[in-house]
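Engineer: Take this structure, written in structure tokens, and hold onto it; I'll ask about it next.
The values are calculated or read from the model by the stated rules, or taken from the named source; none is laboratory data. Given the structure is predicted, the values throughout are model-derived calculations rather than measurements. Cβ placement follows ideal geometry from the backbone for every residue including glycine, while neighbour counts extend to all protein chains displayed. What goes into the accessible areas is simple: the full protein's heavy atoms, side chains included, and nothing from ligands, DNA or RNA. Shrake-Rupley method; radii C 1.70, N 1.55, O 1.52, S 1.80 Å.
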Amino acid sequence: SFVATELEPAAKGAQPLRDEPQDVVLYGFGRVGRLLARILMERLGGGEKFRLKGIVVRKKGEEDLEKRASLLRRDSVHGPFEGTIAVDEESSSLIVNGSVIRLIDSSSPDRVDYEAHDIHDAIVIDNTGVWRDREGLSLHLKAQGASKVILTAPGKGDLPNIVVGVNDNALSEEENIVSAASCTTNAI
């Protein structure tokens, strides 16, 4: 009954998450990146509040776009994607549930120009685990069109590790780089 009471406002959908839409970019498209894409598109896929507009990858070959679409369509644990996925080779995009998601090729966060892909003031979700401290993750903020960074692994140094429902009240609006702790922590 405690959980039902606590979740009642969310279940009713009474309070919108945001007043204005927010562009989101996934930096990395491994297992965690694909699961994040599924969550964003299956649960928030209309794009009214959070719009997944880009995924930064390192291109590996000619069939890369189709392979990534195939990996998104089927997951060995979570099953098939609940929606539609099409590939647009010409624009290097995935069309997921009608939303265009650009695949952007880059090997370094500070070399991306999101605004060139019509992405503005974006939250970049780094799920590579390559950069885990403030200095490394700050590279994302040097990219045109990026405004905040969320790390999907435990942060190092002075980086705030935020777990929703545990210490999210410590998060301030001014903080532009945070860690969402670890997937294990969040799964618990």
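Engineer: Which residues, taken from the range 51-76, are polar (S, T, N, Q) and either outside any loop (DSSP other than H, G, I, E, B) or open to solvent by less than 90 Å² (accessible area, probe 1.4 Å) (or both)?
Structural biologist: Of the range 51-76, the ones polar (S, T, N, Q) are 70, 76.
Matches in the range 51-76: SER70 only.
Engineer: List the residue pairs whose Cβ atoms are under 8 Å apart, where the first residue sits in the range 53-66 and is touching a residue at least 60 places away in the same chain (Cβ under 8 Å), the second is open to solvent by 30 Å² or more (accessible area, probe 1.4 Å) and of a type in the set (A, V, I, L, M, F, W, C), and the two are 6 or more positions apart or on different chains.
Structural biologist: LYS53/VAL100
Engineer: Residues in the range 62-69: is at least one touching a Lys or Arg at 6+ places or on another chain (Cβ under 7 Å) and either modelled with pLDDT of 95 or more or among the aromatic types (Phe, Trp, Tyr) (or both)?
Structural biologist: Of the range 62-69, the ones touching a Lys or Arg at 6+ places or on another chain (Cβ under 7 Å) are none.
Among the residues of the range 62-69, not one is touching a Lys or Arg at 6+ places or on another chain (Cβ under 7 Å) and either modelled with pLDDT of 95 or more or among the aromatic types (Phe, Trp, Tyr) (or both), which makes the answer no.
Each row is one residue, and each column tells you yes or no for (1) under 16 Å from GLY28 (Cα atoms); (2) open to solvent by less than 50 Å² (accessible area, probe 1.4 Å); (3) out of contact with any Phe, Trp or Tyr (no Cβ under 9 Å at 6 or more places or on another chain).
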position	(1), (2), (3)
LEU40	yes, yes, no
SER93	yes, yes, yes
ASP110	yes, no, yes
LYS142	no, no, yes
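Engineer: Filter the range 131-169 down to the residues that are under 21 Å from LEU52 (Cβ atoms) and in contact (Cβ under 8 Å) with a residue 40 or more places away in the chain and list them by number.
Structural biologist: LEU137, HIS140, GLY145, ALA146, THR152
Engineer: A further question on this structure: If you take the residues of the range 164-184 that are modelled with pLDDT of 90 or more and within 17 Å of the chain's Cα centre (by Cα), which of them is most open to solvent (accessible area, probe 1.4 Å)?
Structural biologist: ASN176
Engineer: Can you tell me how many residues in the range 69-111 are touching a residue at least 40 places away in the same chain (Cβ under 8 Å) and within 30 Å of GLU135 (Cα to Cα)?
Structural biologist: The total comes to 8.
Engineer: Quick one: is GLY155 open to solvent by 20 Å² or more (accessible area, probe 1.4 Å), outside any helix (DSSP H, G or I) and over 20 Å from ARG68 (Cα atoms)?
Structural biologist: Details: open to solvent by 20 Å² or more (accessible area, probe 1.4 Å): no; outside any helix (DSSP H, G or I): yes; over 20 Å from ARG68 (Cα atoms): yes.
Spelling it out, it is not the case that GLY155 is open to solvent by 20 Å² or more (accessible area, probe 1.4 Å), outside any helix (DSSP H, G or I) and over 20 Å from ARG68 (Cα atoms).
Engineer: Can you name the condition, by its number, that GLY47 falls short on among (1) open to solvent by 90 Å² or more (accessible area, probe 1.4 Å); (2) modelled with pLDDT under 80; (3) of a type outside the set (S, T, N, Q)?
Structural biologist: With respect to (1) open to solvent by 90 Å² or more (accessible area, probe 1.4 Å); (2) modelled with pLDDT under 80; (3) of a type outside the set (S, T, N, Q), GLY47 is out only on (1).
Engineer: If you check ILE119 against the conditions, is it assigned to a loop (DSSP other than H, G, I, E, B) and surrounded by 14 or more Cβ atoms within 10 Å (Cβ to Cβ)? Working first, answer last.
Structural biologist: Working: assigned to a loop (DSSP other than H, G, I, E, B): yes; surrounded by 14 or more Cβ atoms within 10 Å (Cβ to Cβ): yes.
Taking the combined requirement at face value, the residue satisfies it.
Engineer: Shifting gears a bit: Picking from ILE85, ILE55, which residue would you name as being within 13 Å of the chain's Cα centre (by Cα) and at pLDDT 95 or above? Before you say what the answer is, go through the steps one by one.
Structural biologist: Numbers: ILE85 fails: within 13 Å of the chain's Cα centre (by Cα).
Matching residue, one of ILE85, ILE55: ILE55.
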